[in-house]
1. Could you state the accessible area per residue of region 1-118 in Å², with a 1.4 Å probe and every protein chain left in place?
2. Have a look at the DSSP beta bridges in region 1-117 and tell me what percent are antiparallel, nearest 5.
3. Could you look at the chain and say what percent of its accessible area is carbon and sulfur, using a 1.4 Å probe and all protein chains?
4. In the Gaussian network model of the chain, springs joining C-alpha atoms below 10 Å, which of Ser215, Ser165, Ser46 carries the largest mean-square fluctuation?
5. Can you give me the convex hull volume of the Cα atoms of the chain, divided per residue and expressed in Å³?
6. Taking the alpha-carbon centroid of each part, what is the distance from region 131-203 to region 35-78 in angstrom?
7. Extending each Cα 7 Å along its Cβ direction at Arg189 and Ala85, get the distance between those two points in nm, one decimal.
8. Run the 1.4 Å probe and let me know the accessible area of Trp180, rounded to the nearest 10 Å².
Amino acid sequence: MVKFEYNRHGSIFRLLDDFSGYQYPGSPIPEYITKLTGINDDTVRSHKIQESAVANYLQDVDLIIAHNAQFDRTFLETTFPSLPAKAWGCLMYDVDWDKEEISSRKLEYIAYKFGFFHEGHRAINDCLAGVHLLAQKLPKSQVPVLKELLTQSKAIRFKLYAVNSPYDSKELLKARGYRWSMNQNDKYRAWSIELLEDKVAEEINYLRSNIYNTSSINIPVEIFDAYSRFSSTNNKSNNHVKYRDKLEWFQKLCTS
């Protein structure tokens, strides 16, 4: 982990202290991991990262940014279950790299497109590469990468599950951006899509007219903010109370 100071305009002022450590995983490290990272069993033997040390380091942190927060947040919460909830952003998904004509979301590839290289798959090096990317301007829009991420990470998102959709509608759903729910964090096994609030009404109308062919539809939904998004724990369990008004609005859209 690497801390840095920034402002709401997306300017990064300086790097602060970093945090790194080894932890023995409880079983032998596979050979391909050693080839990828250079870390072997001798490197990590007898090492353990203390949860209290991680909690202390994160105490004054306002936002945790990861490249693929879906993986990192789940990993962190599983390993250190008592950490306090923090807001999260994702460098992989909170920036529209496709719109900026960057065709891959891999950290090494994005770094290459910005003209720099780093030794990947070592924690601090990857963190520093991520901070360096955040300090750049997007190639097409010229918006600071960090500013774009801050804007997107603060947005409330609706995750719609097209449960019991007809089998022959799967290609329509895929073409529209739906993905089959395979992740352990998904509440339903169904085609799902994550949308900003201003796109929800349009999507309900599409599902009503093109998928279910009925005026009243039953679409389960989850609402996420920066504190609950990407989480595999109860960080999202109180959102049905926190966003009760938005849930009621959503249900009216489905039945009107």
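1. Computed with neighbouring chains in place, this is 63 Å² per residue.
2. Details: 4 of 8 bridges.
Close to 50 percent.
3. Numbers: 7530 of 15040 Å².
The value for the chain is 50 percent carbon and sulfur by accessible area.
4. For the chain, modelled as a Gaussian network with Cα springs under 10 Å, the answer is Ser46.
5. Taking only Cα atoms, the chain has a hull volume of 157 Å³ per residue.
6. Taking the Cα centre of region 35-78 as reference, the centre of region 131-203 is 26 Å away.
7. Calculated label separation equals 2.9 nm.
8. Only protein atoms counted, so the area is about 110 Å².
The values are calculated or read from the model by the stated rules, or taken from the named source; none is laboratory data. Note that the structure is predicted; figures quoted are calculated from it, not measured. Neighbour counts are summed over all protein chains in view; Cβ atoms, including those assigned to glycine, are modelled from backbone coordinates with ideal geometry. Ligands, DNA and RNA are excluded from the accessible area calculation, which covers all protein heavy atoms including side chains. Shrake-Rupley method; radii C 1.70, N 1.55, O 1.52, S 1.80 Å.
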